[in-house]
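The block underneath contains the structure these notes are about, expressed in structure tokens.
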Amino acid sequence: MNKFICFIYNNREIITILISFLALAISIITLISNYKMNKKNLKMVINNFTSAMIENGNFYIFNIDFINKSRLPISINEISIDNEFTFIKSPRKLIEGQTTKNKTITSEYDLKSTSFPINMLGLESKNVFLVVYGPTNLNVNKYKFHIKTNRGEVVQKIKLCNYNIDGNTFFEEANNYCKRFR
């Protein structure tokens with residue numbers, strides 16, 4: 001034991017330097033870990049969408065999941081397709097429904113599109129319904145979705161032809177969505 005104490009006492013500068021390097025390594029690892037966990041990491045997943053013709057173009061309704069993989073909150077302020085078609089920021093009525101029991105209406109509900117901003121806490125996901133007036137056909141190629149947030153812009157390329165469904169199926173799924181959360 002005395003030899004160990006003498007070794008430490010005689011080599012205290014070397015031990016101090018080793019402890020300093022160990023502390024520096026731990027600090028760098030912590031910095032990299034915090035950067036990866038707190039950087040902007042937003043993912044958009046399109047579940048499906050449908051369209052309807054109106055007099056001046058097409059009206060598209062999207063069912064989208066946003067996933068915030070960061071530990072910090074994020075706020076989505078605007079979304080556009082190819083910086084050309086911007087999603088409508090105010091809510092629009094999409095569906096009217098009612099719940100019946102023994103042929104008696106027990107409640108009525110409306111499904112409205114989600115209004116902006118879309119606020120999410122860290123490590124949270126949200127399912128939203130969004131509306132956009134767009135081109136006559138969104139099934140042709142990949143589109144760039146520009147998602148503008150309070151922490152910068154996220155650009156995601158998505159080929160939409162895989163997600164287009166007919167209106168009746170879309171509204172049936174939306175109706176089931178409403179019933180789940182009532």
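Table for the structure above
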item: Whichever residue in the stretch 85-107 is exposed (fewer than 13 other Cβ atoms within 10 Å of the Cβ) and of a type in the set (Gly, Ala, Ser) and, among such residues, is farthest from ILE54 (Cα to Cα); result: SER107
item: Which numbered condition THR114 misses (of (1) in contact with a Ser or Thr (Cβ under 9 Å, 6 or more places away or on another chain); (2) assigned to a loop (DSSP other than H, G, I, E, B); (3) among the β-branched types (Val, Ile, Thr)); result: (1)
item: Failed item, numbered, when MET53 is tested on (1) modelled with pLDDT of 90 or more; (2) surrounded by fewer than 16 Cβ atoms within 10 Å (Cβ to Cβ); (3) of a type in the set (A, V, I, L, M, F, W, C); result: (1)
item: Which listed residue, of ASP110, ASP82, is loosely packed, with under 14 Cβ neighbours inside 10 Å, in contact with a Phe, Trp or Tyr (Cβ under 7 Å, 6 or more places away or on another chain) and either in contact (Cβ under 8 Å) with a residue 12 or more places away in the chain or small (Gly, Ala, Ser) (or both); result: ASP82
item: Yes/no for VAL45 being free of Cβ contacts under 8 Å to residues at least 24 places away in the same chain, surrounded by 14 or more Cβ atoms within 10 Å (Cβ to Cβ), of a type outside the set (Ser, Thr, Tyr) and closer than 30 Å to ASN150 by Cβ; result: yes
item: Within the stretch 89-106, tally of residues that are touching a residue at least 12 places away in the same chain (Cβ under 8 Å) and under 22 Å from ASN168 (Cα atoms); result: 8
item: Tally of residues being under 13 Å from the mean Cα position of the chain (by Cα) and part of a loop (DSSP other than H, G, I, E, B) across the stretch 10-69; result: 3
item: In the stretch 87-110, residue nearest to THR149 (Cα to Cα) [restricted to those that are part of a loop (DSSP other than H, G, I, E, B) and modelled with pLDDT of 80 or more]; result: LYS89
item: Among residues of the stretch 112-146, those that are modelled with pLDDT under 80 and touching an Asp or Glu at 6+ places or on another chain (Cβ under 9 Å), counted; result: 2
item: Yes/no for ILE32 being closer than 30 Å to GLY152 by Cα and at pLDDT below 90; result: yes
item: Residue match in the stretch 166-174 (condition: in contact with a helix residue (DSSP H, G or I) (Cβ under 6 Å, 6 or more places away or on another chain), of a type outside the set (Lys, Arg) and modelled with pLDDT under 90); result: no
item: Residue count, the stretch 70-86 (criterion: among the small types (Gly, Ala, Ser) and at pLDDT 90 or above); result: 2
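The values are calculated or read from the model by the stated rules, or taken from the named source; none is laboratory data. Given the structure is predicted, the values throughout are model-derived calculations rather than measurements. Note that each Cβ is placed from the backbone with ideal geometry, even for glycine, and that neighbours are counted across all protein chains shown.
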